[in-house]
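The values are calculated or read from the model by the stated rules, or taken from the named source; none is laboratory data. Remember, it's a predicted structure, so these values are computed and weren't measured experimentally. Cβ placement follows ideal geometry from the backbone for every residue including glycine, while neighbour counts extend to all protein chains displayed.
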């Protein structure tokens, strides 16, 4: 069991706390001082204070047992610190330090010592060779990259675990830029003690987490990993997996990166799908999937309706739907008649519904409302070509939003273009909570994840929506 | 033959010039007054001046024959204007007006009249139902969207033709945001007279154009279209095609959009490939391909080297290379020995070369230089995880740039992340002219287009590079 203290400690001791500019020990102290609400104990063998806080020479000198110990000192001293942490009664440790399994046989031996120390001391260890934890709710934050280059999302329901620290940090930064709220970010490094499957299992039961993302290179215990995913699915939490090492050369690169075995991707893929994971094929889609699954409910089926003010973009969306295994909804004759009566003669009232380049917000509202009301439609893609002078971004957003409120089916927005469009897409996301993308194909992929998630829920007997 | 006057007229008459706020006739006048260097003749039956310029009631009253006539009046008056334009000696016309073939049989008849008038008058007509032309070099600009929402690229070598006006405008806007320079943007609408193949043929011989992009829904004369692409290839200009209507439902949507027949995509795809076109699968890749082909030379082969400061991103790039049909370069034993001597022991010196998270610019320079110098490498992907405190964006860019200068092989840059990273990617593009992408997979696709282009050049016997 992973103790809650790994994420919500009342007190944290930082072994290797420092004032040295650019040091990991200083960056972690600054993070904690800025946001962490519990007690902070800097531990530094040579100092009386660190950044204004009283410092201790060793863990045994602390006035109480710290819930969590963060370790950022050279590898060779780490096993001893873990022993001491156990002795004083800490529940968990995060070992940031590198220099273990990933550097060869000597490091591997040190890592075995570390694990033995943890087992004997009865405390759980995250890492080593990791960035550790960012918990947006408790303010625990060991991600030591400089704040001007490392964005960290505000509180939300997305949890992310990463085998790679550097790529994990980049994803964390991107999630922040994308306006996605997070519960926990966990860089687990070498997974010497705490395994990726334990983290997923923990997150499956974490009340702050609604969606789980994972960057994985290799897993040691495939069976436990798949089981953990199933637990998350039972708790109605989608698990989005980006698996690296899909190709033969990629698998070779994995073993030179983290020393883990990537295994056959076909086998992984089949097992992941069976467990109910949502697999993304590339890094960009990871962000698309996490955003969409965080903000929208699962789709009850795969029939997609399109409302657009530009015919060309509607065709591209149609292609993307058909070629990705989703289905173009067939609108009912009632819907078609209704649209025919209310839209201009030149409008297309099949699917895609083309409300034409001069469409005012009211026309969008009529069309989106009618398409969403159609029982043959499970989800809707709304396209706004915003270069056109007639397009009113804010009013159109309101129109779409009010249709969404009435029908509750998932909707994403698409607007291709440059700066003006990009700013309005951000507005639509921020103010209406509607995922907004630059291309029809990306919008269709987003809906595809909601469709897959709906299928997973039904296949696992946990209902048609989240 | 398309007359040069369609893009470089000495004088333009605007039939339908107006001062009415929000009108097409006003927007076009404003565009021309702002940037067009030739003479502008507003034609308006009711006004003496338009925006300070002397206006004429009819074309026949102009003091000289205008090279080009832009027409933005209701459809039913258009054939008459075309006749008159021919009579006064104009060389070409752009008909912005809609209400022709795309609105049904009545419009189709009007369109036939328009074509007959053009043939009899001996002038060539672009459109109708189009946005017309933006020529970044001459300042001719009939794209009437408001300038605060419609970006237009500065001068450069990319030409783009679009069957869809709205989507074309969105692409134009996006090209601007992407920092891609353009020669000509052409929205050709219904292609009543001037056909898409004629435009490609014209651009194949246009000295200002180096790369041609096209958004196509359907072509009337496939043979002529393929022939025009071959001419462009012979002139060493890549033709990038985004074809809509790939699926059955997509093809149906095409015919309700532009009334053209999409045809079987398989047939198109085979013919396009044989002609030497570079096919992109989705809208985003159109921008990726145009940028990369505009800025970089063709690759002489498909063997890709990777230099990265993050193992995970290197693995994702490796996967993307292997799964997209490119090849991971096998570095020579000399290169490996050289790197082993100069990089830290923990660095990976196979391909991907991992210069580690603490890599200073010098380490990048050593690695990129060695990988580019290796005769077994045709193109290089450089990855910079910028959240890491050690990464120096500007100095690393300079290091990569100097290696590029020495070896001349194509290089793209990849940096995943949020705002800080995004800003630095833009800097790398702007200052070094190195295409920079947010994900390894997108970077690999970019290199894939250079590899394809190299293959096309060799297959058509026009040499290995551009």
* Single condition residue A:200 does not satisfy, out of (1) free of Cβ contacts under 8 Å to residues at least 40 places away in the same chain; (2) surrounded by 24 or more Cβ atoms within 10 Å (Cβ to Cβ); (3) within 14 Å of chain B (Cβ to nearest Cβ) -> (3)
* Asked: Considering region A:132-179 alone, what residues qualify as being surrounded by fewer than 24 Cβ atoms within 10 Å (Cβ to Cβ), within 12 Å of chain B (Cβ to nearest Cβ) and under 15 Å from the mean Cα position of the chain (by Cα)?
  -> A:151, A:152, A:153, A:176, A:177, A:178, A:179
* Taking residue B:441, is it in a helix (DSSP H, G or I) and under 19 Å from residue A:286 (Cβ atoms)? -> yes
* **Positions within region B:180-194 being within 12 Å of chain A (Cβ to nearest Cβ), in contact with a helix residue (DSSP H, G or I) (Cβ under 6 Å, 6 or more places away or on another chain) and in a loop (DSSP other than H, G, I, E, B), in sequence order** => B:180
* **Hey, residue A:411 in contact with a helix residue (DSSP H, G or I) (Cβ under 8 Å, 6 or more places away or on another chain) and within 20 Å of residue A:297 (Cα to Cα) or not** => yes
* Asked: Given the residues B:288, B:368, which is the only one that is under 20 Å from residue B:435 (Cβ atoms), over 27 Å from the mean Cα position of the chain (by Cα) and outside any loop (DSSP other than H, G, I, E, B)?
  -> B:368
* Is it true that residue B:391 is farther than 24 Å from residue B:450 by Cα, buried (at least 23 other Cβ atoms within 10 Å of the Cβ) and in contact (Cβ under 8 Å) with a residue 24 or more places away in the chain? -> yes
* Number of the condition not met by residue B:450 [criteria: (1) in a loop (DSSP other than H, G, I, E, B); (2) away from chain A (no Cβ under 14 Å); (3) buried (at least 24 other Cβ atoms within 10 Å of the Cβ)] -> (1)
* Top-ranked residue of region A:206-227 - restricted to ones that are touching a helix residue (DSSP H, G or I) at 6+ places or on another chain (Cβ under 8 Å) and within 24 Å of residue A:155 (Cβ to Cβ), ranked as surrounded by the most Cβ atoms within 10 Å (Cβ to Cβ) -> A:212
* Structure fact -> Residue set B:412, B:404, B:377; condition away from chain A (no Cβ under 14 Å) and part of a helix (DSSP H, G or I); output residue B:404
* To do: Would you check which residues across region A:6-22 are buried (at least 21 other Cβ atoms within 10 Å of the Cβ) and out of contact with any helix residue (DSSP H, G or I) (no Cβ under 9 Å at 6 or more places or on another chain) and list them?
  => A:9
* Structure fact -> Among (1) within 14 Å of another protein chain (Cβ to nearest Cβ); (2) touching a helix residue (DSSP H, G or I) at 6+ places or on another chain (Cβ under 8 Å); (3) part of a helix (DSSP H, G or I), residue B:340 falls short only on (2)
* Evaluate the following for residue A:73: is it closer than 18 Å to residue A:18 by Cβ, in a loop (DSSP other than H, G, I, E, B) and modelled with pLDDT of 95 or more? => yes
* Asked: If you check B:173, B:193, which single one turns out to be touching a strand residue (DSSP E or B) at 6+ places or on another chain (Cβ under 6 Å) and not assigned by TED's automatic domain parsing to the domain that holds residue B:91?
  -> B:193
* To do: Go through region B:358-386 and give me each residue that's closer than 20 Å to residue A:131 by Cβ and surrounded by 20 or more Cβ atoms within 10 Å (Cβ to Cβ).
  => B:359, B:383, B:384, B:385, B:386
* Structure fact -> Within region B:236-258, the count of residues that are touching a strand residue (DSSP E or B) at 6+ places or on another chain (Cβ under 8 Å) and within 30 Å of residue B:207 (Cα to Cα) comes to 8
* To do: Go through region B:215-263 residue by residue and tally those that are at pLDDT 95 or above, farther than 19 Å from residue B:281 by Cα and assigned to a loop (DSSP other than H, G, I, E, B).
  => 3
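Looking at this structure, is residue A:330 within 24 Å of the chain's Cα centre (by Cα) and in the same structural domain as residue A:375 (by TED's automatic domain parsing)? Can you show your working first?
Working: within 24 Å of the chain's Cα centre (by Cα): no; in the same structural domain as residue A:375 (by TED's automatic domain parsing): yes.
Here the answer is no, as residue A:330 does not meet what is asked.
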* **Boolean, residue A:212 is without any contact (Cβ under 8 Å) to a residue 60 or more places away in the chain, part of a strand (DSSP E or B) and more than 14 Å from chain B (Cβ to nearest Cβ)** => yes
* **Test result for residue B:431, more than 14 Å from chain A (Cβ to nearest Cβ), touching a helix residue (DSSP H, G or I) at 6+ places or on another chain (Cβ under 8 Å) and surrounded by fewer than 24 Cβ atoms within 10 Å (Cβ to Cβ)** => yes
* To do: Count, please, the residues in region A:297-317 that happen to be within 25 Å of residue A:178 (Cα to Cα) and surrounded by fewer than 24 Cβ atoms within 10 Å (Cβ to Cβ).
  => 1
* **residue A:319 vs. criteria closer than 30 Å to residue B:315 by Cβ, touching a helix residue (DSSP H, G or I) at 6+ places or on another chain (Cβ under 8 Å) and either within 11 Å of chain B (Cβ to nearest Cβ) or outside any helix (DSSP H, G or I) (or both)** => no
* Among the residues listed as B:379, B:403, the single one being farther than 20 Å from residue B:320 by Cβ and not assigned by TED's automatic domain parsing to the domain that holds residue B:236 -> B:403
